[in-house]
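> Shown below is the structure under consideration.
The values are calculated or read from the model by the stated rules, or taken from the named source; none is laboratory data. No experiment lies behind these values; they were computed from the predicted model shown. Every residue, glycine among them, receives a Cβ derived from its backbone with ideal geometry; neighbour counts consider all protein chains shown.
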């Protein structure tokens, strides 16, 4: 049920994140682009027949063909791409099925693109036509614990917006996801969480410290809550912090948790990232920390690229103090010199 909830959430996010920016597009075109549906034809290896995604248990070294059903209910000939994508975790702590290529986490041993073929399939359907699109699963010969998680990401190819239609600034893109979970056994795997590194960076062009969190196990981390804070190395003073709740992580994945610097400039120095996390309503808990260093050239480059960075005028205070000390020093020297001159004049008078 948890996987089903995440699947529904991912579809909703994919749907609305692509839909909302394009309110000025022609409504008839929108409806036609959305006029298709996808579903899973559940095979005999399906564990739970009460769900609508692929939840498969297959033996090591076995081979099976599964089918994704596409129904083109539009009034035009349409072309669709179907990609079996490995599940990843995005920066918001949401399981993402939209990335076809990209860097895989180093803990991932059973990659979906090595298990399922073809890598991507493109099909063209006439108006009103339906099709069962086959994909072949070749299970790894070596038995593994946990699950391989992914999804069939289905998207209709859309025509380029006409240059004359100047009101349409962003194209509509709609996608459907059919989840896919593959396992050898139903034995539970204990989740784990690691803080791999922390570094300065930009998040939507704003100054940020990124904490790279990893789920190294072949299981989903559910209901993940995180409190992260940054301190100078060896000190307790909290410079910046963030809290996130109700997140999830895909098996064998990592993501960069952003800790905002509140538009302040990135300053070079040595720091420590502290992460306190819990999952499954507190059943699992972690206290993690990682030291990191920000170099001057790195800070300067990031600050130059950032937007709305608050100016740091601390250097002016130091310059002012230095100038004041120099002036005081000059005044003291002049006073002493005048005093010596007066004393010399007095001695000459006495003679």
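> With the stretch 228-287 as the region, which strands (runs of 3 or more DSSP E) entirely inside it contain at least 1 residues that are within 18 Å of the chain's Cα centre (by Cα) and surrounded by fewer than 21 Cβ atoms within 10 Å (Cβ to Cβ)?
240-249, 253-260
> Specify which of the listed residues (78, 83, 98) is crowded, with 16+ Cβ neighbours inside 10 Å, in contact (Cβ under 8 Å) with a residue 40 or more places away in the chain and closer than 15 Å to residue 54 by Cβ.
The unique qualifying residue is 83.
> Also, quick follow-up: Right, residue 204: surrounded by 15 or more Cβ atoms within 10 Å (Cβ to Cβ) and either over 28 Å from residue 111 (Cβ atoms) or touching a strand residue (DSSP E or B) at 6+ places or on another chain (Cβ under 8 Å) (or both) or not?
So residue 204 fails the test.
> Additional query: So which residues in the stretch 288-300 are surrounded by fewer than 17 Cβ atoms within 10 Å (Cβ to Cβ) and in a strand (DSSP E or B)?
The answer is 289, 291, 293.
> Determine which member of the set 48, 85 is modelled with pLDDT under 95 and closer than 26 Å to residue 253 by Cα.
48
> Does residue 25 fit the bill of being over 21 Å from residue 187 (Cα atoms), at pLDDT below 95, more than 18 Å from the chain's Cα centre (by Cα) and not in a helix (DSSP H, G or I)?
yes
> Which ranges mark the strands (runs of 3 or more DSSP E) fully within the stretch 67-164 that have 1 or more residues being in contact with a helix residue (DSSP H, G or I) (Cβ under 9 Å, 6 or more places away or on another chain) and closer than 20 Å to residue 43 by Cβ? Walk me through how you get there before you give the answer.
Values: elements: 78-86, 121-125, 130-138, 147-156.
Where strands (runs of 3 or more DSSP E) fall fully within the stretch 67-164 and carry at least 1 residues being in contact with a helix residue (DSSP H, G or I) (Cβ under 9 Å, 6 or more places away or on another chain) and closer than 20 Å to residue 43 by Cβ, they are 78-86, 130-138, 147-156.
> Find the residue count for the stretch 105-121, including only residues that are surrounded by fewer than 17 Cβ atoms within 10 Å (Cβ to Cβ) and touching a residue at least 60 places away in the same chain (Cβ under 8 Å).
Going through the stretch 105-121 one residue at a time, the tally reaches 2.
> Do we have any residue at all in the stretch 307-322 that's under 30 Å from residue 261 (Cβ atoms) and at pLDDT 80 or above?
yes
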